[in-house]
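Down below is the structure, laid out as structure tokens.
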Ligand code: SF4
């Protein structure tokens, strides 16, 4: 038995180092390694049980070609040669016929490393002139806000939370995603930190919080503006800091002015005294830190909400001390641009916000989408307006390629199926977005069946459609070299990775904001009202957009992450029925008893599942887990069938939490 070290690149904030026990090239077990200090020693059960994914019944082990009707999942085995020939022929046919924009690459965070996305795939689709996919399901509104305000300044390290006197956890549930935050939070509380949790649900950490703020979905913006107004009014704002280190604070103060505590309380569904307590606790504690998550961006006000929450430490001047400031995503601190490093052409063709994929598949003309190439992605499980996506995939005149690790709901609609390697079988480079670690991902087990890596398949397709060039990187290793060479810290980075498997940024793993790191904006100031974002949002930044609920569809549907899947990844291993969670008062009002089958519906679709009454939700809010597969509900539809394909005010993020529904006995 051998123990091999690698890292987990999956879509999770933590970025664990892994120690993988291997025998005869086969995975025996996975445990935590020590190279990443944040995650030293333990990992989540999802990846501990990853063997079920690698060797399970759903694993794809050879190429296949469809034999039955679309969606039936009936295929015959094919050789790589036959399958790639067919795909290359179709890519060429569409490019030479109606034009490259008739090709739609559909990819997302399924593999998530720096070498498995925006590498040879970007060369292939860029050179074919395919439609450009904007990956907007998650983290786009928050990303735009963090970029606009701070130029994505490095965040407060979770290790430094123990220095804080007040921690605000806003729209994040680390107990499900980012488990390494939980013991660090416990340590912070033991050292005297007060914890405030802003979340419509009583998540596990809310039960341990000093203050749980059970906000109505979609009103985070209003709460943050009310906190600001309270600070300005009560001489709690740090005007010296605002004058010296920010721009746009007068505009922000003016836009926050309409949100009195009372008005905000009514809209947010909170007691005014709770908002005042929160405002005082956050303002008067030092250091104070905000952990901003992604829950607050999943609605029409998402970009402004994220900007307002991230603006709080600037208004209060909570910077310059260890344990003070904010943490958002740290994924871009390394400045690694995979597509630029591999030499992908500039994106000049038609662009698609992926939240509107269903519409694109059904409605695009000049040219219509004739070929969809799905990789690192399970659109049927992750995209909003699920019924439109399904109808699009059912099109007889759409040629669909699915390059996947396992048989997903989407893979069943493929014309050609290509088997992909997992992160245990190929090279990659992983960046965590909660911590700082940059880590090498190594192939530590033998490949399953005939699975191939992304770089291999896309490089081969470049050859077959005649767009390969002699100067192209030949494999992941060469792409990695070019990627590292493109950073300002390339030498240090390379040696740190080669020696220890993980690298830390030059300012260390625990930078103090406004002492070690500053905004990466042109003037190094915080831009509280970034001009471009202000202009791009329909009514201007920080303007609250009304709730989409109605008398017919009064319940706000949340689709929060769960502890068994990573977004939708690993969904084949989670095969039991999922309930709709609902407050007992809402259940009683509808005469529903715990466990009975209900119909959840709106104008977009319908889901059949059991109901589970819980006081962990506020009345008026229901929840059905995110990332479910068709086998998790009675009618094969999930929360995404009820989610609109509208996008947030800033950034164009998905608005899953704007789904408004009705529920009745089925
Ligand atoms: S999913 Fe997250 S917690 Fe689990 S092993 Fe990967 S990085 Fe660690």
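Looking at (1) in contact with a strand residue (DSSP E or B) (Cβ under 6 Å, 6 or more places away or on another chain); (2) part of a helix (DSSP H, G or I); (3) within 16 Å of the ligand (Cβ to nearest atom), which one does residue 52 not meet, given that it meets all the others?
(1)
Could you please tell me which pairs satisfy a Cβ distance under 7 Å, a separation of 6+ or placement on different chains, a first residue in the range 1-16 that is without any contact (Cβ under 8 Å) to a residue 40 or more places away in the chain, and a second residue that is away from the ligand (no atom under 13 Å from the Cβ)?
Partner pairs satisfying both residue conditions: 1/21; 1/23; 1/28; 2/22; 3/21.
Of all residues in the range 28-39 being touching a helix residue (DSSP H, G or I) at 6+ places or on another chain (Cβ under 7 Å) and at pLDDT below 95, which is nearest to the ligand (Cβ to nearest atom)?
Looking at residues that are touching a helix residue (DSSP H, G or I) at 6+ places or on another chain (Cβ under 7 Å) and at pLDDT below 95, I get 38.
Out of (1) surrounded by fewer than 14 Cβ atoms within 10 Å (Cβ to Cβ); (2) away from the ligand (no atom under 13 Å from the Cβ), the odd one out for residue 58 is which?
Tallying (1) surrounded by fewer than 14 Cβ atoms within 10 Å (Cβ to Cβ); (2) away from the ligand (no atom under 13 Å from the Cβ), residue 58 fails exactly one: (1).
The conditions are (1) modelled with pLDDT of 95 or more; (2) closer than 26 Å to residue 381 by Cα; (3) out of contact with any strand residue (DSSP E or B) (no Cβ under 6 Å at 6 or more places or on another chain), and residue 81 fails exactly one of them. Which is it?
Condition not satisfied by residue 81: (2).
Just checking, does the range 164-183 include any residue being more than 16 Å from the ligand (Cβ to nearest atom), touching a residue at least 12 places away in the same chain (Cβ under 8 Å) and surrounded by fewer than 22 Cβ atoms within 10 Å (Cβ to Cβ)?
Yes, there is a match, as at least one residue in the range 164-183 is more than 16 Å from the ligand (Cβ to nearest atom), touching a residue at least 12 places away in the same chain (Cβ under 8 Å) and surrounded by fewer than 22 Cβ atoms within 10 Å (Cβ to Cβ).
For the range 405-508, which helices (runs of 4 or more DSSP H) that fit wholly inside it have 2 or more residues that are closer than 27 Å to residue 83 by Cβ?
Qualifying helices (runs of 4 or more DSSP H): 454-464, 476-485.
Can you name every residue in the range 1-27 that is part of a loop (DSSP other than H, G, I, E, B) and either in the same structural domain as residue 433 (by TED's automatic domain parsing) or more than 13 Å from the ligand (Cβ to nearest atom) (or both)?
Here is the first cut: in the range 1-27, the ones part of a loop (DSSP other than H, G, I, E, B) are 1, 8-16, 24-25.
If the condition is that a residue be part of a loop (DSSP other than H, G, I, E, B) and either in the same structural domain as residue 433 (by TED's automatic domain parsing) or more than 13 Å from the ligand (Cβ to nearest atom) (or both), then 1, 24, 25 are the ones that fit.
So residue 236 ticks every box in (1) surrounded by 20 or more Cβ atoms within 10 Å (Cβ to Cβ); (2) away from the ligand (no atom under 16 Å from the Cβ) but one. Which box is left unticked?
Just one mismatch for residue 236, condition (1).
With respect to residue 121, determine if the residue is crowded, with 23+ Cβ neighbours inside 10 Å, closer than 24 Å to residue 423 by Cβ and more than 16 Å from the ligand (Cβ to nearest atom).
Working: crowded, with 23+ Cβ neighbours inside 10 Å: yes; closer than 24 Å to residue 423 by Cβ: yes; more than 16 Å from the ligand (Cβ to nearest atom): yes.
Yes: the conditions hold for residue 121.
Can you say whether residue 418 is crowded, with 24+ Cβ neighbours inside 10 Å, touching a residue at least 40 places away in the same chain (Cβ under 8 Å) and either within 17 Å of residue 112 (Cα to Cα) or not assigned by TED's automatic domain parsing to the domain that holds residue 646 (or both), as far as the supplied structure shows?
Numbers: crowded, with 24+ Cβ neighbours inside 10 Å: yes; touching a residue at least 40 places away in the same chain (Cβ under 8 Å): yes; either within 17 Å of residue 112 (Cα to Cα) or not assigned by TED's automatic domain parsing to the domain that holds residue 646 (or both): yes.
Yes: the conditions hold for residue 418.
Among the residues of the range 243-262, write down those that are touching a residue at least 40 places away in the same chain (Cβ under 8 Å) and in a helix (DSSP H, G or I).
Matches in the range 243-262: 245, 249, 251, 252, 255, 256.
Only one of (1) touching a helix residue (DSSP H, G or I) at 6+ places or on another chain (Cβ under 6 Å); (2) more than 22 Å from residue 569 (Cα to Cα) is not met by residue 427, so which one is it?
(2)
Which one of these does residue 42 not meet: (1) within 26 Å of residue 117 (Cα to Cα); (2) within 11 Å of the ligand (Cβ to nearest atom)?
Condition (1) is where residue 42 drops out.
Would you kindly identify the strands (runs of 3 or more DSSP E) lying entirely within the range 568-665 that contain at least 3 residues that are more than 25 Å from the chain's Cα centre (by Cα)? Write out each step before concluding.
Values: elements: 580-582, 597-601, 606-613, 621-623, 660-665.
In the range 568-665, 597-601, 606-613, 660-665 are the strands (runs of 3 or more DSSP E) which contain 3 or more residues that are more than 25 Å from the chain's Cα centre (by Cα).
The values are calculated or read from the model by the stated rules, or taken from the named source; none is laboratory data. Remember, it's a predicted structure, so these values are computed and weren't measured experimentally. Glycine also receives a Cβ, built like all others from the backbone with ideal geometry; neighbour counts cover every protein chain displayed.
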